[in-house]
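What follows is calculated from the coordinates using simple rules that are stated; it is not laboratory data. Nothing here was measured: the structure is a model prediction, and the numbers come from that model. Please note: Cβ atoms are built from the backbone with ideal geometry, for glycine as well, and neighbour counts cover all protein chains shown.
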Protein chains: 2
Amino acid sequence: MSYKLRNATPGDMISVLDLIHELAEFENQPNAVEITVNDLIKDGYEEGTSFRVIVAEKNNDLVGMALFYPRYSTWKGRSLHLEDLIVKKEFRGKGIGNALYTSVLKYADQNGYKRVAWEVLDWNKVAIDFYISTGARVFDDWRVAHIDEKAIKNYLKKTNS
Amino acid sequence: MSYKLRNATPGDMISVLDLIHELAEFENQPNAVEITVNDLIKDGYEEGTSFRVIVAEKNNDLVGMALFYPRYSTWKGRSLHLEDLIVKKEFRGKGIGNALYTSVLKYADQNGYKRVAWEVLDWNKVAIDFYISTGARVFDDWRVAHIDEKAIKNYLKKTNS
């Protein structure tokens, strides 16, 4: 199957948001997506670069994407975080996800990043097995924690901070 | 107990690295720390800002710190990651960790970040209970994955990428 990988442009953000919605549904969180196309354009292209996106294109349609940005490991130094790796359902199993993943690792290698990190759902065994086969480690003993905007405001108010 | 919180300066990075080492020992990974004081100064202050550090100071000694940086949530938008929250062993239980955590939440609130995220070890029940009491969510079904520099190079070589 012929497809090409390239860096996303602002004009791709409509399709990128569609892919983000598709992933949220796959992760059983269809209503979790609050960002808009305008947010993606502003945050990715207009007010400094919060993230980079590599897209997979086939017949002028976007069929997949990888979105990533820098992080900082206090053990290893400058690192990357792969926030989303998404391939449209009907195009899975054709090597596109693998190619996107590899392109992020190449970007990390070429730009001197010491590590790439991401998160994966524990029931997504196919993904976990793939990642381990590439040399990644998947940790059982770490838990991800979040506090969102509303809870932050509540906490600061409650504690008079 | 009197202590003060302030933004770290390059001159604090020796003490900050000591705290990073102390956390690595607490997490049973005493040999995992590869970065140096020079890396911290370069990455935090000289080549753009990869991270921010708030330190807790008592009698001119640093007794704790919070290190954090921007991330990007494709669900919520601009967010922060709290990479390390560390208080020296002999100063724990005195509210310093709580004050550092609160200062990061205040920074997020004042700067329009939609979420603060971090990772916590599943056996660290005291920390997990504290985070939940503040309104944070700790997720059981996500796993953290890493691929480090050496494994990236191996993978790219093996796959001729």
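Okay, here's what the table says:
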read-out	value
Note, ³J(HN,Hα) from phi for the stretch B:42-57, Karplus 6.51, -1.76, 1.60, rounded to Hz, x at Gly and Pro	5, 6, x, 9, 9, 10, x, 9, 7, 7, 10, 10, 9, 10, 9, 10
Vicinal HN-Hα couplings computed from phi for the stretch A:17-28 (Karplus, 6.51 cos²θ - 1.76 cosθ + 1.60; Hz; Gly/Pro x)	5, 4, 5, 4, 5, 4, 5, 4, 5, 4, 8, 6
Eligible lysines near B:K76 by straight Cα distance, threshold 20 Å, same-chain separation 8 or greater	A:K42, A:K150, A:K153, B:K106, B:K114
Cα-based shape type of the stretch A:17-57, given that a ≥ b ≥ c are square roots of the gyration tensor eigenvalues and the cut on a/c is 1.5	oblate
Student exercise, chain B dipole from Lys, Arg, Asp, Glu Cβ charges, in Debye to nearest 20	580 debye
Shortest-first distances to equivalent copies, position B:K4, nm, label 7 Å out along Cβ	5.9
Estimated FRET transfer efficiency (B:E46, A:N59; beta-carbon r; R0 51 Å; 0.05)	0.65
Fluctuation leader among A:V33, A:V16, A:V144 - chain A, Gaussian network, Cα springs under 10 angstrom	A:V144
Per-residue mean of C-beta atoms belonging to partner chains within 10 Å, peptide A:63-75	6
Label geometry 7 Å along the beta-carbon vector: A:N111 inter-copy distances in nm	1.9
Highest-MSF residue in chain A out of A:D141, A:D12, A:D39 [GNM, Cα springs under 10 Å]	A:D141
12 Å Cα-Cα reach of A:K88 towards aspartates and glutamates, excluding residues that sit fewer than 8 places from it in its own chain	A:D18, A:E22, A:E25, A:E57, A:D61
